[in-house]
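The block underneath contains the structure these notes are about, expressed in structure tokens.
Derivation of every value follows stated rules applied to the coordinates shown; laboratory data play no part. On a predicted model such as this, the values are computed, not experimentally measured, just so you know. FYI the Cβ positions are ideal-geometry reconstructions off the backbone, even for glycines, and counts take in every protein chain you see.
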Amino acid sequence: MQYRSGQAFDIAEITRLGHAAGAVVGFDLAHAAGNLPLRLHDDGPDFAVWCHYKYLNGGPGAVGGCFVHARHARTDRPRCAGWWGHDEATRFRMGPHFQPTPGADGWQLSNPPILGLAPLRGSLELFDRVGMDALRAKSRSLTGYLETLIDQRLAGTLAIATPRDPAQRGAQLSLRVLEGRGLRGREAGRSLFESLAAQGVLGDWREPDVIRISPAPMYNSHGDVLRFVRATEAWREGRA
Ligand SMILES: *Cc1c(COP(=O)(O)O)cnc(C)c1O
């Protein structure tokens with residue numbers, strides 16, 4: 001998932017091409033984790049990393065996550081060996097040689113921050129209970145609704161920079177502000193972004209001129225999407 005455009009890429013195909021060229025293939029899934037259903041083992045990348053503070057609600061500073069493909073579970077490639085990655089059975093013998101725990105656990109440097117993991121535990125339990133397929137179905141509906149409303153009501157104001165094909169995106173639409181209130185481009189974008197925040201609609205600003213809006217299916221509703229559109233109309237018409 002490209003963070004600025006919101007474009008989702010085909011992990012299996014990129015992995016296939018990368019491996020065919022002799023490359024090690026890894027993915028930054030910061031914007032994919034908790035947003036799109038992922039099948040990392042079957043798609044076959046060598047590794048992936050992500051943070052937990054976007055869709056997965058871990059809070060700022062939350063611990064990150066990593067995937068290491070099972071084919072590397074017992075690799076002796078060089079690594080930053082930390083005592084918490086040492087095999088649990090012999091970890092406390094404190095021997096002179098590093099024996100990695102098989103799998104991704106063998107890359108842990110030190111023990112994880114328990115207080116930082118607590119909100120993640122609560123959040124991941126919810127994700128397990130709802131299931132990624134149900135979340136993705138609601139996400140497609142929310143983002144499709146957002147797209148439809150923008151096309152119908154905000155066509156001269158906002159341009160959608162994210163792919164129109166739902167298979168090539170997740171929750172996010174990246175929006176360029178064309179014009180409004182006599183402003184154009186970046187100036188219009190900043191003005192709208194600040195007005196949205198003042199109206200309680202929180203998106204994200206990326207320089208030079210992109211507003212990212214991501215209805216999160218775990219807790220956003222279709223009513224929230226409509227609220228964003230109405231807030232943008234209020235800005236355009238000088239009411240907010
Ligand atoms: C948020 C984000 C990350 C996560 O970085 P941290 O160091 O965990 O804060 C990585 N890559 C992209 C593209 C991101 O948007």
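One table, with the values for the structure above:
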item	result
In degrees, nearest ten, helix 185-198 long axis to first principal axis of the chain (Cα)	80
Relative contact order %, the chain, counting alpha carbon pairs below 8 Å whose residues are six or more apart	17
Using a Förster distance of 22 Å, the FRET efficiency for Phe92-Val49 (Cβ separation, nearest 0.05)	0.20
GNM flexibility winner over the chain from Arg129, Arg184, Arg230 (Cα, springs under 10 Å)	Arg129
Relative contact order (%) - criterion: Cα under 8 Å, at least six apart; region: the stretch 132-236	31
³J(HN,Hα) computed for each position of the stretch 12-24 - Karplus, 6.51 cos²θ - 1.76 cosθ + 1.60, integer Hz, glycine/proline x	4, 6, 4, 4, 4, 5, x, 5, 4, 8, x, 8, 7
Label-zone membership for the stretch 47-61, site Val130, 7 angstrom Cα→C-beta point, backbone N under 19 Å	51-60
Residue with peak Gaussian network fluctuation, the chain [Cα springs, cutoff 10 Å], from Gly82, Gly44, Gly203	Gly82
Förster-model FRET efficiency, 30 Å R0, Asp204 and Gln99, C-beta, rounded to 0.05	0.10
Semi-axis lengths, Å, the chain, gyration tensor of Cα atoms, sqrt of 5 times eigenvalues	41, 19, 16
Cα-based helix-to-principal-axis angle, 132-153 vs the chain, degrees rounded to 10	20
Degrees between helix 114-130 axis and first principal axis of the chain (Cα, 0 to 90, nearest 10)	70
Fully extended contour minus Cα-Cα distance, from Tyr145 to Glu13, at 0.36 nm per residue	44.6 nm
The stretch 1-63: relative contact order in percent, alpha carbon pairs under 8 Å with at least 6 residues between	31
